[in-house]
Amino acid sequence: MSVLRPMDKLPCLNKATILLVGTEDARMQQLADAMLREDCASELQVHLAKSLPLPSNGSRPRIDLIILVINLHSKYSFQIVEESLCHVDARFFLGKLCFLITGAGRESHCSVHQSAVVKLAQTYRSPLLFCDLEVESFRASMAQRLVRMLQICAGHVPGMSALNLLSLLRSSESPPPEEL
């Protein structure tokens with residue numbers, strides 16, 4: 001069990017791998033299924049994990065994009081993601097990692113305040129996506145977006161890189177680094 005590195009394996013031709021990390025097993029599986037239904041020129045692989053680090057396994061494929069799923073209704077979900085971040089190599093924060101927040105629609109039921117998640121994303125300079133995974137149409141739309149992000153991060157979109165994507169996804173409302 002070690003730090004997950006983006007370049008620890010050579011890329012495979014026309015293969016892209018995403019890792020979904022979080023405690024929402026059923027919702028993440030539904031999202032994974034929706035992603036696999038998307039029309040894509042690359043062969044998609046979706047892996048699910050409750051937390052990091054991943055067990056050392058020589059046959060594990062190269063991870064092109066990590067999605068950390070946080071349910072605002074669960075402090076445990078937030079805690080697991082926070083603990084998992086120390087097992088991610090810093091190079092993943094150059095556009096190959098993002099946070100996916102669920103449960104923001106019902107703020108009265110939230111155990112984790114939205115500002116804590118926003119601060120976490122700003123600290124790691126990573127994109128923050130919101131989606132209600134319980135609604136099929138929202139889940140399908142998010143799956144489509146994640147597949148496109150994955151293709152870019154895997155290097156399958158000419159003229160576009162993970163760093164370009166990161167700069168496009170950055171909010172113009174983000175405070176400058178010195179204010180963090």
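Listing for the model above:
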| item | result |
| --- | --- |
| Whole-angstrom gap from region 1-68 to region 133-162, using each part's C-alpha centre | 13 |
| Per-selection Kirkwood Rh - region 92-169 (Cα, Å, 1 d.p.) | 13.6 |
| Å² per residue, accessible surface of the chain at 1.4 Å | 52 |
| MRE, 222 nm, helices only [DSSP H, n ≥ 4, -39500 (n - 2.57), over the chain, to nearest 500] | -10500 deg cm²/dmol |
| Projected label distance in nm at residue 167 and residue 134, using a 7 Å step from Cα toward the beta-carbon | 4.0 |
| Principal axis box of region 11-116, alpha-carbon based, largest edge first, Å | 46, 31, 23 |
| Packing-based ranking, highest mean first, of 64-70, 88-94, 5-11 given that Cβ atoms within 10 Å are counted | 64-70, 88-94, 5-11 |
| Per residue convex hull volume, Cα atoms of region 1-50, in Å³ | 72 |
| Nonlocal Lys pairs with alpha-carbon distance under 21 Å, region 8-120 (8 or more apart, or different chains) | 6 |
| Region 26-79: Rg to Rh, with Rh as the Kirkwood radius over Cα pairs | 0.99 |
| The chain: relative contact order as a whole-number percent, Cα under 8 Å and 6+ apart | 25 |
| For the chain: span of alpha carbons on each principal axis (Å, largest first) | 46, 39, 34 |
| Rounded percent of accessible protein surface that carbon and sulfur make up, the chain, 1.4 Å probe | 52 |
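The values are calculated or read from the model by the stated rules, or taken from the named source; none is laboratory data. For clarity, every value in this text was computed on a predicted model and none was experimentally measured. Neighbour counts run over all protein chains shown; Cβ positions are idealised from the backbone, glycine included. To get the accessible areas, we keep the full protein, side chains included, count just its heavy atoms, and leave off ligands, DNA and RNA. Shrake-Rupley method; radii C 1.70, N 1.55, O 1.52, S 1.80 Å.
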